[in-house]
Amino acid sequence: MSQTFACAAIAFVLTAASSQAEGPSNPAPAVRSTYRAELAPAVDAFVEKNLAAWLDAYTDLHAHPELSLHEVEAARKMTERLKAAGYETTAGVGGTGVVGVLKNGEGPTILIRGDMDALPIVEETGLPFASQTRTKNAEGLDVGVMHACGHDVHQTVLFATAQALSALREKWRGTVLIVAQPAEEIGRGAKMMIDDGLFERFPRPNACIALHVNGNFAAGTTAYTPGWALANVDSVDITIHGRGGHGSRPHESVDPIVTAAQVIVSLQTLVSRRLDPTDPGVVTVGSLHAGTKHNIIPNEARLQITVRSYTDATRAKLLDGIRQIATQTCRAMGCPADPDILVHEEEFTPAMYNDPALSEAAAGVLRNVVGEASVQQIKGQMGGEDFGRFAKQLGVPGFMFWLGVVEKSRFETSRKPDGAPLPSIHSSRFAPDARPTLATGVRCMTSLALSLLEAK
C-alpha cells in the first residue's frame, strides 16, 4: 500500500493575521508546515502493521454507538488507548471528553480532534457489525443509535494517529494534544470542553487540525476548502399568539396559521433582499405546528427555523431580521401579543474557517500522501461542525479536511447516468469502506501533524 512520495519538502509559514474581510483575525504566532518525505516509509509501515487491529476497533465502535452526552464506553476505550500509547490522559473533560498530552521537547503544540457521539437512527446497512443499539433519547422516546456521521472513523483515526506519533517521537519535537470530543451532533461538545478549562488545564495549541468523513468521495481520496468551510448554525423557535375560534367565523378570530404563513413568506426576503448577493445565508423553516381539527382556528402556531451564515455580522443581520419580521407581521395581523422568539444559544455552532495559509500547506501534504489526483479543492458548505470553535477561541490557525469513504466501484457506478445515488452522512444506509478509509485517514493525519511539529 506504499505510495511514491515526492522528495522535495513543501514548506509554508502560517502568517499571524488574516484580513477581517476574508475571515476572522488570527493573532497567533507563526507556525511552520513542512512535509517530511523522509518519514513516509515509516508512516506507511506503521499503518500496514496496525491496520488489522484498527479495523477491529472500528467495527467495535460502530457496533456500540452512544448518543451525545452519553459517550461513556467510547471515552473509556479512548482513555485506555491513549494511556497505552504513552499519553498523559485525562477523562471527564467537558462531560465525557478525553484529552491526551504527549510532550516531546520544545516546539509547537498541535491539537488533533476527533468526535465520539452517534445519532438517533436505526441502522439499515446490513453490515455484519451493524448497530443493534436502542436507547431512550432526551425526550424519553425509544430510538435506534447509529454512527451515521462517521464518528467511529474519526475516533479510530484519532487514536491511531496518536499511536503513530508516539511511535515516531524520536523524529519530532513539540507537544501533541489529542482531543476526543463529545456532543458534536448537538453542537455543544467543543464549548463544554473549553468551558471546563481545556486551554487552561492543558497546553495551548498553535494550530488545530481535524478530518471529517464525506460520503461524496471515494475511499482513498481527500478534499479541502480554504477559508469559510462550514457555517454558523442557529436554531430559532417562534410562537405566534392568535385568538382561536370557529373555522366558519374567521372574522371573530385572529388566525395564527395565516399569520405564520405571512411570516414564512416574508422570511424568504432576508437572504434575497437584505444580504449582499455574494454573502451566503440560509433561513429555512423546518416545521410548522398548529391546530387540531379542520374547523378550528387555533390559539397559536409554532415555527422551528434553522439559520446558516458564515460571518458574525451576517448572523446578527439574519437573527435581527427574523425578530423584526415576526414581530411586525404579528402586530400588522392584529395578534393579541407579540410572538415569543427563542434563539437556542446553547445549540449554536460557530462557522468553521480554514486558515488559508494552513489550508494550502496541508493540501500540499495531502497531495504527497495520496497523490495529486486524489485531492480536490471544493466550495464551502452550509452544514455545521463545532470543531471551528477551538481555533476561534484561541485565534490560531485551524484546518479540517474531508476524507472520502465510498467503496471505489460503488462510487464509479454512482457517477453513471443510471447510477444509484450514494447514501449521505446521517443516512441509515451510510457505510464507509473501512479499510482504505482508515488507512488513508491515518496516513494523512499523521503526515499533517508531523508537518506542523518541529523536526529532530
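Read the figures in this text as sums done on the coordinates, not as results from a lab. All figures in this text were calculated on a predicted structure; none of them were measured in a lab. Don't worry about glycine lacking a Cβ; one is built from the backbone with ideal geometry, like all the others, and counts go over all protein chains shown.
Just how many % of Cα pairs in the range 41-184 lie over 19 Å apart, if you round to the nearest whole percent?
Details: 5428 of 10296 pairs.
Here the long-distance tail beyond 19 Å is 53 percent of all Cα pairs in the range 41-184.
Taking θ = phi - 60°, what integer Hz values does the Karplus form 6.51 cos²θ - 1.76 cosθ + 1.60 yield along the range 386-391, in sequence order, with x for Gly and Pro?
7, 4, x, 5, 5, 5
When a footprinting reagent is the concern and you count Cβ atoms within 10 Å, what order do D418, D237, D255 take, fewest first? Could the numbers behind the result be given before it?
On the way: D418 5, D237 15, D255 23.
Taking fewest neighbouring Cβ atoms as first place, the list is D418, D237, D255.
So how far, in whole Å, is the C-alpha centre of the range 360-381 from the one of the range 146-224?
Using only Cα atoms, the two centres lie 18 Å from each other.
No solvent, one uniform scatterer per C-alpha: report log10 I(q)/I(0) for the range 351-433 via the Debye equation at q = 0.20 1/Å, two decimals.
The computed values of log10 I(q)/I(0) come out as -1.10.
Taking only Cα atoms, what is the 0 to 90° angle, nearest 10, from helix 72-84's long axis to the longest principal axis of the chain?
It is inclined by approximately 20 degrees.
Please sort 351-359, 140-148, 246-254 by packing, taking for each peptide the average over its residues of neighbouring beta carbons within 10 angstrom, highest first.
Ranked from most to least packed, the peptides come out as 351-359, 140-148, 246-254.
Quick one: V101, V47, V265, fewest Cβ neighbours within 10 Å first, how do they rank?
Details: V101 17, V47 21, V265 12.
The most exposed by this proxy come first: V265, V101, V47.
When the expected Rg is taken as 2.2 N^0.38 Å, what fraction or multiple of it is the alpha-carbon Rg of the range 36-76?
Numbers: Rg = 15.0 Å, N = 41, 2.2 N^0.38 = 9.0 Å.
So the Cα radius of gyration is 1.66 times the expected 2.2 N^0.38 Å.
Step through the residues of the range 229-245 one at a time and calculate ³J(HN,Hα) from phi using the Karplus curve (6.51 cos²θ - 1.76 cosθ + 1.60, θ = phi - 60°), rounding each to whole Hz and writing x for Gly and Pro.
10, 9, 9, 4, 10, 10, 10, 10, 10, 10, 10, 9, 9, x, 9, x, x
How charged is the neighbourhood of N50? Take every other residue with its Cβ under 13 Å from the Cβ of N50, and add Lys/Arg as +1 and Asp/Glu as -1. Show your work: numbers first, answer last.
Working: positive: K49, R81, R435, R443; negative: D44, E48, D56.
Charge balance near N50 sits at +1.
Can you list residues from other chains, or at least 5 along the same chain, whose modelled amide H is less than 5 Å from the amide H of G245?
The answer is I297.
Hey, fewest Cβ within 10 Å first, where do S414, S68, S235 land in order?
Numbers: S414 15, S68 23, S235 18.
So the ranking, lowest neighbour count to highest, is S414, S235, S68.
Two-decimal Rg/Rh of the range 232-347 from alpha-carbon positions, Kirkwood Rh?
Values: Rg = 15.0 Å, Rh = 14.7 Å.
Looking at the range 232-347, the ratio lands at 1.02.
Could you give me the radius of gyration and the Dmax of the range 298-349, taking only the C-alpha atoms into account and expressing both in angstrom?
Values for the range 298-349 (Cα only, Rg and Dmax): 12.7, 38 Å.
With θ set to phi - 60° and the Karplus curve 6.51 cos²θ - 1.76 cosθ + 1.60, what are the ³J(HN,Hα) couplings of the range 266-273 in order, to the nearest whole Hz, using x for Gly and Pro?
Once θ is set to phi - 60°, the couplings for the range 266-273 become 5, 4, 5, 7, 4, 6, 6, 10 Hz.
At 222 nm, what value in deg cm²/dmol follows for the chain if DSSP H runs of at least 4 each add -39500 (n - 2.57) and the sum is divided by all its residues, to the nearest 500? Mind dumping the intermediate values first?
Details: 11 runs with 148 residues, N = 456.
Rounded to the nearest 500, it is -10500 deg cm²/dmol.
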